[in-house]
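Bear in mind these aren't lab numbers, they're just calculated from the coordinates by the rules spelled out. Source: prediction; values computed, not measured. Note: ideal-geometry Cβ built from the backbone for every residue, glycine included; neighbour counts use all protein chains shown.
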Amino acid sequence: MTDPTKGRDSFVTGSSLVRDVDPQDKDVVVLCKTQAEAFDIAKADGFTDIDTSMEGDPRFVSVRYYSTNYILVWQLDMFFRFKAFTGALGLLQIKDKAERIRLSRACLYGEIETVNTSEYEKVRLAWEAANAAGVEAEK
């Protein structure tokens, strides 16, 4: 298997960033140049559990290699939304998986109303930062 992070911007995200949580796997976000490049990586030998639907979102594809999930994105705005989620999760240290999922949906899709009200302002700021960075990156 060729390492999909080689020569590409990438970062670790998800539960492995939360102290005192034993992650079952590792999640890595990888920025690809094009959708075709992402699908070429996904079709490479060694990857399993190829998911091109990701709950109906056509902006990334997820593949698995042993205990590592690679989230392959090709749009800068989605890449920065994942970065916003990663930063918010690193700061908030949410241990509950359902709450982490709500945080990811808030950062990725703007579903801010699903987040615990005590964290609402931080998540709203993360969402705005992700949008601003994505817009700036596309210029």
Residues F47, F80 arranged by fewest to most Cβ contacts within 10 Å:
F47, F80
Computed FRET value (nearest 0.05) for Q93 with K6, which takes r as the C-beta separation and R₀ as 35 Å
0.70
Additional length obtainable on full extension of the chain from I50 to E121, 0.36 nm per residue less Cα span
22.1 nm
Given the C-alpha centroids of the range 87-109 and the range 1-78, what is the distance between them in whole angstrom?
18
Do any of K6/K97; K95/K122; K26/K122 go past 19 Å between their Cα atoms, and which?
K6/K97; K26/K122
